[in-house]
Amino acid sequence: MSAWDDLQKAAGPVSRETFERLQAFEQLFLKWNRSINLAAPSTLDDVWRRHVLDSAQLARIAPAATRWVDLGSGGGFPGLVLGFLLTERPGASIALVESNRKKASFLQTVIGQFDLPARVVARRIDDSYGLVSAPEIVTARALAALPDLLDLSAPWLTKGGRALFHKGRDYRAEVEESTHRWSFDLVEHSSMTDAEGVILEITELRRRPANELLA
């Protein structure tokens, strides 16, 4: 199967132009990664599958969403990849929250070079709530354990936002730990790029009352 076919399978219908722009981004990412550590060295031999396709699959899960925020965007996964895909959704945009100055500079360079419907919020996540209003989708990948992610994203998720969080093989333990403080609805989507990975779709996040907290 070709890279083009893989992208269609992961993200849903994507134009040839967006496919070619993502390929150009992949090369730009590798160029920047030589001077800035944007991804684990062990993943650089297959950036397309390990990072681009892994990020792109979120677009298929939320095919109509237009207001996105990506937490701890780092090297742009999934945030920048979603930015490319959102160019095909009229009125769509994504905010990329990244406090590291060098990584934020990389993100801004890509956004400017490809004219993406995205913006960088160069702040800590807990300083960005007032700068990103009412996102439909909150994403994060390789950022923190689920209990911490829920704490960080609660200001959006408790007001109707939906989370799409990449997680690996130990996700069940993280989900169990999260129920000590939070109640939520959960849908598990099998990852299309990692046999042991999942995308956790979380809605209806509510903090448990003190008298309901689990031991």
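The values are calculated or read from the model by the stated rules, or taken from the named source; none is laboratory data. On a predicted model such as this, the values are computed, not experimentally measured, just so you know. So basically every Cβ, Gly included, is an ideal-geometry build from the backbone, and we count neighbours across all protein chains shown. Surface accessibility is based on the protein's heavy atoms, side chains included, excluding ligands, DNA and RNA. Shrake-Rupley method; radii C 1.70, N 1.55, O 1.52, S 1.80 Å.
Screening ARG208 with (1) touching a helix residue (DSSP H, G or I) at 6+ places or on another chain (Cβ under 9 Å); (2) open to solvent by less than 70 Å² (accessible area, probe 1.4 Å) gives one miss only, at (1). Would you pick out the residues in region 115-129 that are in contact with a Gly (Cβ under 8 Å, 6 or more places away or on another chain) and either open to solvent by 70 Å² or more (accessible area, probe 1.4 Å) or assigned to a helix (DSSP H, G or I) (or both)? Correct list: ILE125 only. Does VAL175 qualify as being β-branched (Val, Ile, Thr), in contact (Cβ under 8 Å) with a residue 12 or more places away in the chain and closer than 21 Å to GLN57 by Cβ? Taking the combined requirement at face value, the residue satisfies it. Contact annotation: residue pairs with Cβ atoms under 8 Å, 6 or more positions apart or on different chains, pairing a residue in region 1-14 that is open to solvent by 40 Å² or more (accessible area, probe 1.4 Å) with a partner that is assigned to a helix (DSSP H, G or I), are MET1/LYS9; TRP4/ARG16; TRP4/PHE19; ASP6/TRP48; ASP6/ARG49; ASP6/LEU53.
The residues on offer are ARG172, ARG206, and the sole one that is of a type outside the set (S, T, N, Q), closer than 24 Å to VAL97 by Cα and not in a loop (DSSP other than H, G, I, E, B) is ARG206. The residues listed here are LEU58, LEU53, LEU22; of these, the one that is part of a helix (DSSP H, G or I), crowded, with 21+ Cβ neighbours inside 10 Å, modelled with pLDDT of 90 or more and in contact with a strand residue (DSSP E or B) (Cβ under 7 Å, 6 or more places away or on another chain) is LEU58. VAL81 - would you say it is surrounded by 24 or more Cβ atoms within 10 Å (Cβ to Cβ), modelled with pLDDT under 95 and part of a helix (DSSP H, G or I)? So VAL81 does not fit the description; no.
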